[in-house]
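The values are calculated or read from the model by the stated rules, or taken from the named source; none is laboratory data. Just so it is clear, the model here is predicted, and its values are computed rather than measured. Cβ: placed from backbone, ideal geometry, glycine included. Neighbour counts: every protein chain shown.
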Amino acid sequence: MKPLILVCTDFSTCSEAALQRAADIAGRDETRVFLLHVYDPKKAKGPGGRDLSEGDGRCWDEDSMYQLKEARHRYFGHLTDTDVQYEAIPSAHPSMEICKIAKDTKASLIVLGSHGRTGMLRRLLGSVAEATVRRAPCSVFVVREEATRT
């Protein structure tokens with residue numbers, strides 16, 4: 001069986017860089033790919049950035065699945081021999097969920113983006129990438145967002 005790459009996305013710019021790197025690896029190494037979006041349902045925002053009510057979770061799931069389908073097509077569509085699956089999962093603890101899925105699927109690599117926050121901002125917001133690196137059952141490839149040049 002081909003090795004599996006677990007690619008995590010929050011649909012941000014740094015996640016796009018991670019998706020591109022994962023596509024490069026998958027094309028080169030002929031792996032299977034699992035695209036994963038783990039989101040905190042309490043922090044989820046609807047269209048236009050509005051807060052979601054309890055009943056709006058289904059809309060968020062559908063939107064996430066649509067974005068994952070688009071990412072599969074955009075980054076992995078040219079890899080005709082690559083099996084690409086995707087899933088959106090609600091969880092208040094994204095890094096724990098990522099590591100659980102990596103273990104359950106026997107992933108050989110996790111690829112995810114990092115915003116590169118440091119100092120107080122990182123302490124306040126936390127770092128899914130850092131927590132995933134510490135807990136992961138396999139190797140983790142963290143892709144930093146490219147710095148904007150001024």
Scanning region 97-111 residue by residue, those under 13 Å from the mean Cα position of the chain (by Cα) and aliphatic (A, V, I, L, M) turn out to be 98, 101, 102, 109, 110, 111
Selection status of residue 11, modelled with pLDDT of 90 or more, under 14 Å from the mean Cα position of the chain (by Cα), assigned to a loop (DSSP other than H, G, I, E, B) and not acidic (Asp, Glu)
yes
Look at residue 4 and say whether it is modelled with pLDDT of 95 or more and in contact with a Cys (Cβ under 8 Å, 6 or more places away or on another chain).
no
In the list 91, 139, which residue meets the criterion of being within 26 Å of residue 32 (Cα to Cα), polar (S, T, N, Q), touching a strand residue (DSSP E or B) at 6+ places or on another chain (Cβ under 6 Å) and at pLDDT below 95?
91
Any idea which of 68, 19 is under 17 Å from the mean Cα position of the chain (by Cα), at pLDDT 85 or above and farther than 18 Å from residue 144 by Cα?
68
